[in-house]
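See below for the structure under consideration.
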Amino acid sequence: MLLKKMVGSIEAKSLLSKCSAQHNGLNLEDKLDEFRRLLGKSDKDPLRIVSVGAGAWGSVFAALLQESYGGFREKFQIRIWRRPGRAVSRSTAEHLFEVINSREDVLRRLIRRCAYLKYVEARLGDRTLYADEILKDGFCLNMVDTPLCPLKVVTNLQEAAWDADIVVNGLPSTETRQVFEEISKYWKERITVPIIISLSKAGVPIENVLYLGGPNIAAEIYNKEYANARICGAEKWRKPLAKFLRQPHFIVWDNSDLVTHEVMGGLKNVYAIGAGMVAALTNESATSKSVYFAHCTSEMIFITHLLAEEPEKLAGPLLADTYVTLLKGRNAWYGQMLAKGEINRDMGDSISGKGMIQGVSAVGAFYQLLSQSSLSILHSEEKKPVAPVESCPILKTLYKILITREQSTQAILQALRDETLNDPRDRIEIAQSHAFYRPSLLDQP
């Protein structure tokens with residue numbers, strides 16, 4: 001009976017693999033060859049991709065590509081970089097052991113790779129596991145409930161990135177500049193410039209920088225839930241990459257507006273924290289959450305018009321991305337836990353089992369950006385110049401809650417009570433009817 005089940009499972013997986021391989025009229029090897037030709041790769045020179053950072057999305061991205069193209073070893077290589085030395089807690093090791101034993105396929109794989117015993121020892125407290133060690137077996141520390149395929153993990157940054165054709169930036173925004181400045185030292189002698197997926201300057205021409213994002217949750221994508229995303233940047237690379245990355249369950253579109261998508265990618269994390277607070281403080285009140293959504297999206301549109309020359313409208317995938325982030329994800333979870341008192345701000349913005357809460361540092365960054373003395377708008381009521389942040393009451397409140405800590409989470413509800421009685425649409429009209437764009441703003445440190 002077990003043999004029949006295993007044969008049936010193998011046949012089902014084989015059928016799924018064949019369907020995936022024929023997606024969009026090209027099999028996987030044809031897609032790989034087509035992209036390799038675009039990069040000018042010779043027959044014996046594999047396409048090298050590195051994911052820098054091993055958070056949930058970076059790990060899932062690497063795993064998806066490994067599962068799709070990893071079988072073509074002479075043509076394709078992918079590795080993932082993370083810092084060494086991060087110990088796995090005893091409680092996480094115990095939970096990981098439960099996950100392993102609940103998944104027959106994972107259990108068999110570890111036994112076959114002679115890797116199961118170390119998880120038994122960690123469960124008993126007889127040894128310490130490390131994050132880079134378990135990632136090789138397919139376990140991302142930020143999402144141990146979703147086992148991935150085994151990955152090639154590199155802990156030396158130079159070894160990981162020096163010869164990469166494509167670098168996927170999976171780092172928190174607070175670490176990107178430092179890490180990519182280090183990487184750029186290894187690229188000085190290169191003849192060709194690598195492609196970077198995500199926003200990082202690092203001495204790389206803007207036409208080689210792309211942003212990938214969309215309305216999705218990393219673990220759900222890996223579990224083959226249907227999802228879509230956009231890759232944004234110069235046409236030279238975005239269209240071929242969209243085709244290369246596309247899978248039957250993960251549809252990738254291409255878009256030219258890099259700045260708007262990257263700015264919105266940061267803002268959604270900011271406002272997701274507030275959304276979590278509102279949900280917790282109002283016992284998941286649909287009315288309160290909808291009021292918050294109206295105000296926060298108007299602030300997002302206002303800010304985007306300040307930072308992008310002709311920003312795309314907050315609609316379609318951009319709106320869906322905002323919606324799913326406010327609804328579910330680590331930033332919304334963080335806001336909920338803060339409001340419930342189950343975590344506190346002294347614990348910092350790196351939370352065990354969740355990773356870096358990127359919205360916290362983004363609150364500070366956007367607040368400082370919009371508070372610059374060189375910027376001003378005309379206040380709609382007082383008719384005098386004020387800093388743009390004065391038109392963003394939710395952002396101001398989150399700054400006072402998370403950064404200066406002068407207010408409690410309850411203050412987020414007060415921020416929703418607009419004493420001016422202005423429709424959120426008014427803020428959007430101000431942004432759309434004025435020459436807001438500041439071309440040098442994002443270039444400032």
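Below are the figures for this structure:
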| item | result |
| --- | --- |
| Count - residues of segment 280-309 that are in contact (Cβ under 8 Å) with a residue 60 or more places away in the chain and not β-branched (Val, Ile, Thr) | 15 |
| Entirely in segment 305-408, the helices (runs of 4 or more DSSP H) that have 2 or more residues that are among the aromatic types (Phe, Trp, Tyr) | 330-340, 358-369 |
| Residue satisfying condition, being farther than 28 Å from LEU212 by Cβ and modelled with pLDDT of 95 or more, within set LEU47, LEU107, LEU65 | LEU107 |
| Only listed residue being open to solvent by less than 10 Å² (accessible area, probe 1.4 Å) and among the charged types (D, E, K, R), chosen from GLU312, GLU262, GLU299 | GLU299 |
| Number of the exception - THR155 against (1) on the phi > 0 side of the Ramachandran plot; (2) open to solvent by 20 Å² or more (accessible area, probe 1.4 Å); (3) modelled with pLDDT of 95 or more | (1) |
| Any hit, segment 124-142, residues being farther than 24 Å from ALA219 by Cα and open to solvent by less than 50 Å² (accessible area, probe 1.4 Å) | yes |
| Residue identified as in contact with a Lys or Arg (Cβ under 7 Å, 6 or more places away or on another chain) and more than 23 Å from TYR222 (Cβ to Cβ) among GLU182, GLU189, GLU121, GLU159 | GLU121 |
| Meets criteria (at positive phi and touching a helix residue (DSSP H, G or I) at 6+ places or on another chain (Cβ under 9 Å)) for GLY355 | yes |
| Among (1) open to solvent by 40 Å² or more (accessible area, probe 1.4 Å); (2) closer than 30 Å to ALA93 by Cβ, the one test that ILE343 misses | (1) |
| Failed item, numbered, when ALA62 is tested on (1) crowded, with 16+ Cβ neighbours inside 10 Å; (2) assigned to a loop (DSSP other than H, G, I, E, B); (3) of a type in the set (Gly, Ala, Ser) | (2) |
| Residue that is least open to solvent (accessible area, probe 1.4 Å), among those in segment 71-119 that are in a loop (DSSP other than H, G, I, E, B) and closer than 20 Å to SER352 by Cβ | VAL88 |
| Residue under evaluation GLN158, criteria (1) farther than 16 Å from HIS95 by Cβ; (2) assigned to a loop (DSSP other than H, G, I, E, B), criterion not met | (2) |
| Criterion (over 18 Å from VAL360 (Cα atoms) and either under 18 Å from the mean Cα position of the chain (by Cα) or open to solvent by less than 10 Å² (accessible area, probe 1.4 Å) (or both)) met by exactly one of ALA242, ALA272 | ALA242 |
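Quick grid of which residues meet (1) of a type in the set (Asp, Glu); (2) in contact with a His (Cβ under 9 Å, 6 or more places away or on another chain); (3) modelled with pLDDT of 85 or more:
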site: VAL363; (1), (2), (3): no, no, yes
site: LYS384; (1), (2), (3): no, no, no
site: GLU390; (1), (2), (3): yes, yes, yes
site: LEU402; (1), (2), (3): no, no, yes
site: GLN414; (1), (2), (3): no, no, yes
site: ASP423; (1), (2), (3): yes, no, no
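The values are calculated or read from the model by the stated rules, or taken from the named source; none is laboratory data. All values reported here derive from a predicted model rather than from experimental measurement. Cβ: placed from backbone, ideal geometry, glycine included. Neighbour counts: every protein chain shown. Accessible surface areas use protein heavy atoms only, side chains included; no ligands, DNA or RNA. Shrake-Rupley method; radii C 1.70, N 1.55, O 1.52, S 1.80 Å.
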